[in-house]
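The values are calculated or read from the model by the stated rules, or taken from the named source; none is laboratory data. This structure is a prediction, so every number in the text was calculated from the model and none was measured. Cβ: placed from backbone, ideal geometry, glycine included. Neighbour counts: every protein chain shown. Ligands, DNA and RNA are stripped out before the accessible areas are found, and what is left, the full protein with its side chains, is counted by its heavy atoms. Shrake-Rupley method; radii C 1.70, N 1.55, O 1.52, S 1.80 Å.
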Amino acid sequence: MATAKTNIRDLAPSARQFWKQAVVDQLSQKVFDQNVDYHRRELPMNEVTVLSLNEIAVQHRKGFFFHLPPRPAWTTQADTDRIPPERVAKVTSADYPTIIYMPLVWSDKAVARFLADSHRGRYLRSNAFINPPASDTPLYGVQYAYQRCPVFQTSVDTQVMFATKGGYYVARTSVLVGILGIDNAGKLGSANWLWDQSSLDKGRDHEKRKSMNVAMRAFHLASLEEVYQHIVLQCSGGGLKESLMASEVGSIIPRPQPIIVSSGRALGSGLSANAPSRRGEKRKFRHRGTKRKLEGEEQAAEQDQSVEADD
């Protein structure tokens, strides 16, 4: 089982590493990986949850989960130039999921390959950017919500997973709009009391929050396995439509606009084009070809001058 601080590279392959029975144990895991600068990086909980859900999925032989960077990892606005024209009005920053479910039936060979793979190998395979499925694969987005995490209404009905130490709550965005309300930017109302029950008795809106809390109880799930079963059921025969195709995954994370002018300077321009040598000499020319050309022009000019003098 995972320790308080687990380095994913040091773990031997096992069938069940991140999937915990108790919700408190599930959410208190500290899993680390090594980034490109050789510094330890703690995996966000949506990524750990995906690793856990895939351990459940392989046991039930149905479905596969991908993770995307959580919202704090990006701050720029979406660049609609990178989105296919038919999806510009549909895929927005509000539609951004942090967990993606893909319908899949596991074969014996796929199960054996998964169990033999390292935990870091499974982590990389569950990265939607590194290992996207075939472009025509339908996918279902899930917003993973933690305390004070913004949750949005999506243009296509999707699911939201609230992860609290008292259990999970999974509901569709269309249902949550009726319970939590929504602002003009498409952001759903706060459900902070799910993590802080004491806030139900505070403030002038405490009666309203209590009624919201009662309504949310209908979507309470006691374990991660129940979450898995609920998501699979909603996406497979539960009437929930796919929220995006695999070909659109690369276009849903915001990127800087390509028209932004670079603040850098082209090589060979400015002072660098005529820099002094180590001996203190000033170079007249940077390239041999340019030097030969100008020397030839100087010789031709000298010949013209000598001809004029003879005349």
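Determine if region 230-245 includes at least one residue that is of a type in the set (Gly, Ala, Ser), assigned to a helix (DSSP H, G or I) and open to solvent by 50 Å² or more (accessible area, probe 1.4 Å). There is no residue in region 230-245 that is of a type in the set (Gly, Ala, Ser), assigned to a helix (DSSP H, G or I) and open to solvent by 50 Å² or more (accessible area, probe 1.4 Å). Answer yes or no as to whether residue 200 is part of a helix (DSSP H, G or I) and in contact with a His (Cβ under 7 Å, 6 or more places away or on another chain). Yes, satisfied.
Does residue 196 qualify as being among the charged types (D, E, K, R) and either over 18 Å from residue 98 (Cβ atoms) or crowded, with 19+ Cβ neighbours inside 10 Å (or both)? For residue 196, the condition - among the charged types (D, E, K, R) and either over 18 Å from residue 98 (Cβ atoms) or crowded, with 19+ Cβ neighbours inside 10 Å (or both) - is met. For region 7-35, a residue qualifies if it is outside any loop (DSSP other than H, G, I, E, B), surrounded by 13 or more Cβ atoms within 10 Å (Cβ to Cβ) and touching a helix residue (DSSP H, G or I) at 6+ places or on another chain (Cβ under 8 Å), and the qualifying residues are 8, 23, 26, 27, 31, 32, 33, 34.
Of the helices (runs of 4 or more DSSP H) lying entirely inside region 36-134, those carrying at least 3 residues that are modelled with pLDDT of 95 or more and either open to solvent by 70 Å² or more (accessible area, probe 1.4 Å) or closer than 16 Å to residue 248 by Cβ (or both) are 108-116. I'd like to know if region 176-193 contains one or more residues that are assigned to a helix (DSSP H, G or I), within 23 Å of residue 207 (Cα to Cα) and open to solvent by 60 Å² or more (accessible area, probe 1.4 Å). Yes, some residue in region 176-193 is assigned to a helix (DSSP H, G or I), within 23 Å of residue 207 (Cα to Cα) and open to solvent by 60 Å² or more (accessible area, probe 1.4 Å). Residue pairs whose Cβ atoms lie under 7 Å apart, sitting 6 or more positions apart in sequence or on different chains, and linking a residue in region 212-227 that is within 18 Å of residue 199 (Cβ to Cβ) and without any contact (Cβ under 8 Å) to a residue 12 or more places away in the chain to a partner that is of a type in the set (D, E, K, R) and not in a helix (DSSP H, G or I), do not occur here. Name the residues in region 150-174 that are open to solvent by 30 Å² or more (accessible area, probe 1.4 Å) and either touching a strand residue (DSSP E or B) at 6+ places or on another chain (Cβ under 9 Å) or among the hydrophobic types (A, V, I, L, M, F, W, C) (or both), would you? Hits for region 150-174 are 150, 152, 153, 157, 166, 172.
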